Amino acid sequence: MKHPNYVPKFDFLFFNPIHGNFVPHSTTEIFGDENSPYQKKTILIGLPGAFTPVCTTYQIPEFEERFDELKEFGIEQICAVLVNDGWVLGAWQQKLNLQNIRLLSDGNGEFTERMNMLVSYRHLHFGWRSWRYVCLVNNGKIEKSWIETVSYTHLRAHETPEHRVCRGLL
């Protein structure tokens, strides 16, 4: 399993509550590209789904708590992509009181498929989801990454993706 060298071109849709419509934001706007005038370093997280036990209990809270530590390494933002709709991600963001993580809805799994991270959980009646992965993105280029190769529930605490990011990706 291998992701592309650059974040794929894609438009994420964000709901505008003032006008009641959806507004596209491109991956170039979010992550930058080779033409960006300054370095835009991002931690990009791919997760199977909002409200799932591991993502809710461990992964997202750990990144939220470590944002200041990651900023010391030049990280400007943390983005998490999930194959869920924007309404679910909005409710999840409120429940977890996320201030430092930008949730990106990939409801149809198109971005996740372009990242080569789409996996079928149909046998569990969950549909299509994402592998767990973490990437260090610099102006749209994926410089380093960690991709789940075993079930997360079998990892010890010091082997979780959030610990690898802070220790190994930076």
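The values are calculated or read from the model by the stated rules, or taken from the named source; none is laboratory data. Just so it is clear, the structure is predicted and the values come from calculations on it, not from any experiment. Please note: Cβ atoms are built from the backbone with ideal geometry, for glycine as well, and neighbour counts cover all protein chains shown. Just so you know, the surface numbers come from the protein's heavy atoms only, side chains and all, with ligands and any DNA or RNA stripped out. Shrake-Rupley method; radii C 1.70, N 1.55, O 1.52, S 1.80 Å.
The figures follow:
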quantity: Residues with amide H under 5 Å from that of Trp128, placed H, sequence gap 5 or more; calculated: Tyr121
quantity: Hypothetical label at Asn97: residues of region 54-89 whose amide nitrogen lies under 18 Å (7 Å Cα-Cβ projection); calculated: 56-68
quantity: Carbon plus sulfur fraction of accessible area for the chain, probe 1.4 Å, in percent; calculated: 51
quantity: Solvent-accessible surface (1.4 angstrom probe) belonging to Glu110, in square angstrom, nearest 10; calculated: 80
quantity: Whole-Hz ³J(HN,Hα) from phi, Karplus 6.51 cos²θ - 1.76 cosθ + 1.60, for region 85-100, glycine and proline x; calculated: 7, x, 5, 5, 5, x, 5, 5, 4, 5, 4, 8, 6, 6, 10, 10
quantity: Theoretical gain in end-to-end length, His125 to Thr149 [0.36 nm per residue, Cα-Cα removed]; calculated: 6.5 nm
quantity: Label-to-label distance, nm, for residues given as Asn116 and Ser36 (7 Å Cα→Cβ offset); calculated: 2.2
quantity: HN-Hα J in Hz across region 23-31 - Karplus 6.51, -1.76, 1.60, θ = phi - 60°, x for Gly and Pro; calculated: 10, x, 10, 7, 4, 5, 5, 6, 10
quantity: Debye log10 I(q)/I(0) for the chain, one point scatterer per Cα, at q = 0.10, 0.14 Å⁻¹; calculated: -0.35, -0.71
quantity: Helix-derived mean residue ellipticity, 222 nm - over the chain, DSSP H n ≥ 4, -39500 (n - 2.57), to 500; calculated: -5000 deg cm²/dmol
quantity: Residue pairs, from the table Lys71/Lys144; Lys40/Lys71; Lys2/Lys71; Lys2/Lys95; Lys95/Lys141, whose Cα atoms sit over 21 Å apart; calculated: Lys2/Lys71; Lys2/Lys95; Lys95/Lys141
quantity: Region 53-148 - Rg (one decimal) and Dmax (whole number), Cα, Å; calculated: 13.7, 42
quantity: Selection from Trp87, Leu44, Met117, by position along the positive dipole direction of region 43-144 (Cβ); calculated: Met117
